[in-house]
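Heads up: the structure comes next, in structure tokens.
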Amino acid sequence: MKKKIICANWKMNTLKSEAIALVSAIEENMPATQNEVVVCPPFVYLEAVKNTIKKLKLGAQDCYFEEKGAFTGEVSPIQLKEYCNYVILGHSERRKYQNEGDEIIAKKVKASLLAGLTPIFCVGEDLEKREEGLSDEIITEQLDHVLFNVSPEELKKIVIAYEPIWALSTTENRKDCDKETADEASKLIRKIINEKISPEVSREVKILYGGNVKPENAKDYLGSKEYDGVLVGGASLKAEDFLDIIKQGEGV
Ligand code: PGA
């Protein structure tokens, strides 16, 4: 069985003392696990969190696609690699607030792989597109940019996160994405990779579900054979809730 990944996306939350307190509480109470538990704090706390953790793994929430140079305010994959092994890319909030498009995101994925980071590459449609029946098209388009910008070997190292925007905990008038709907999206992603790249890559690539994952529903996604883990936003800011989710990842 593949190791599951349970990844916390703290987004732009916590002050330094809160970040340390949160990660310490998770670290101290974490059950022994075969799964990979990753926390992604804001950039400025990567070092502090890195110095606090022993069992947890560390990730960043974004990076730039160049290695170095005159890019004020950006952080490069090789800089991140000094601190962490994972990087979330293409999150819907970056697509929305920073206007990141598929091409830029594909470049970031490629640059991260070259730096030795594992990209957690997010795809997912909003409610409008879903209601127009365009979910599959959107997911396909988002995937295609990355699929054809990396080699099959590189693709195996990418973690894909399906995050329906309409189900995120912070989306206004959000709706639940039930297990069946989530499973369909994962099947679609594997089908696309199967047809466009290869059956082997399609089997090996890891796919996470993200969107309002919390203790009450974590088993649905962690227990699904279509998924290799979860990406958790809001619930990962409460140690107790995140620990509960980690525990539910055992023996499923
Ligand atoms: P949520 O966020 O768990 O708060 O819905 C998930 C995400 O945006 O990655």
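Every read-out reported here was derived from the displayed coordinates using simple, explicitly stated rules and does not represent laboratory data. Nothing here was measured: the structure is a model prediction, and the numbers come from that model. Neighbour counts run over all protein chains shown; Cβ positions are idealised from the backbone, glycine included.
Overall, the anisotropy analysis places the chain in the rounded class: the square-rooted eigenvalues a ≥ b ≥ c of its C-alpha gyration tensor yield a/c less than 1.5. A simple charge model with +1 on the Cβ of Lys and Arg, -1 on the Cβ of Asp and Glu and nothing else charged puts the dipole of the range 47-96 at about 320 debye relative to its Cα centre. For the range 202-252 and the range 105-134, compute the distance between their C-alpha centroids and round to whole Å. With the range 202-252 and the range 105-134 each reduced to a Cα centre, they are spaced 19 Å. Descending by average beta-carbon neighbour count within 10 Å, the peptides 101-109, 128-136 line up as 101-109, 128-136, the highest first. If the elastic network links every pair of Cα atoms under 10 Å, which of LEU80, LEU168, LEU114 fluctuates the most in the Gaussian network model of the chain? Of LEU80, LEU168, LEU114, the Gaussian network model singles out LEU114 as fluctuating most. Dividing the summed helix terms, -39500 (n - 2.57) for each DSSP H run of n ≥ 4, by the number of residues in the chain produces a 222 nm estimate of -12000 deg cm²/dmol to the nearest 500. Close amide H partners of THR118, meaning residues 5 or more places away or on another chain with modelled amide H under 5 Å apart, are TYR86, VAL87.
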